[in-house]
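The next block holds one structure in the form of structure tokens; read it before the comments.
The values are calculated or read from the model by the stated rules, or taken from the named source; none is laboratory data. Fair warning: this is a prediction, and the values are worked out from it, not measured in the lab. A quick note on method: Cβ atoms are made from the backbone with ideal geometry, for glycine too, and the neighbour counts reach across all protein chains shown. SASA here: full protein model, heavy atoms, side chains in, ligands and nucleic acids out. Shrake-Rupley method; radii C 1.70, N 1.55, O 1.52, S 1.80 Å.
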Amino acid sequence: MMEHEDISNANLAGHLLVAAPYLEGGGFHHSVIFLSRVEEEFVIGYILNHPANMTVGDVAPSTDIPASLYSVPIFKGGPVERNQLIFAAFSRTEEKLRVQFHLQEEQALEYAEDPHVMLRAYVGHSGWTLPQLRRELNDRAWYVSHGSDLCLERIIPRCGPWPCAACPHCTRS
């Protein structure tokens with residue numbers, strides 16, 4: 001884990017925020033968040049371990065999403081913009097685990113055909129201004145971890161250090 005004093009805008013992207021055990025508000029209880037985008041004005045991340053207990057097929061009738069994406073599980077990415085569905089791909093290269101968020105539908109279709117890629121959909125995201133996140137880090141609401149393979153291996157393909165009983169990734173034998 002990194003000390004919060006070591007964090008700068010340049011090195012936040014690709015890291016994980018792990019909720020402190022006492023953090024319970026805003027749907028962040030036991031959350032592990034992948035920070036996907038860090039700008040001067042804001043930080044965006046996605047909760048990796050909160051399944052929505054539904055698939056894309058459950059919401060697809062009101063959209064024009066192709067049927068080949070219906071089996072993709074949906075996760076609760078956070079409390080911001082919960083009306084958006086974002087696709088993400090998780091794949092392993094020889095050197096590291098690769099994580100790609102904000103996939104276009106065409107990219108998601110390509111990844112759906114690749115047996116070496118795990119595809120997920122996220123409803124909403126987590127977001128902060130940089131000063132807001134720094135305050136929360138100073139208050140020790142979050143632990144910051146490098147997005148290392150060891151840490152991500154505990155979350156992907158499983159749902160996290162706090163497995164959820166409803167998720168097929170956590171209940172597989």
Given (1) surrounded by fewer than 16 Cβ atoms within 10 Å (Cβ to Cβ); (2) modelled with pLDDT of 90 or more, identify the lone condition not met by E95. (2)
Tell me, please, whether a residue that is farther than 23 Å from H29 by Cβ and without any contact (Cβ under 8 Å) to a residue 12 or more places away in the chain can be found in region 69-80. no
Restricting to region 67-102, what's the tally of residues that are of a type outside the set (V, I, T), part of a strand (DSSP E or B) and farther than 22 Å from N53 by Cβ? 6
Every residue from region 45-64 that is touching a Gly at 6+ places or on another chain (Cβ under 9 Å) and open to solvent by less than 20 Å² (accessible area, probe 1.4 Å): G45, Y46, I47, L48, N49
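Kindly indicate whether any position in region 105-122 is among the basic types (K, R) and at pLDDT below 85.
Applying the first criterion (among the basic types (K, R)) to region 105-122 yields 120.
Filter once more, keeping what is at pLDDT below 85: none.
No: region 105-122 contains no residue that is among the basic types (K, R) and at pLDDT below 85.
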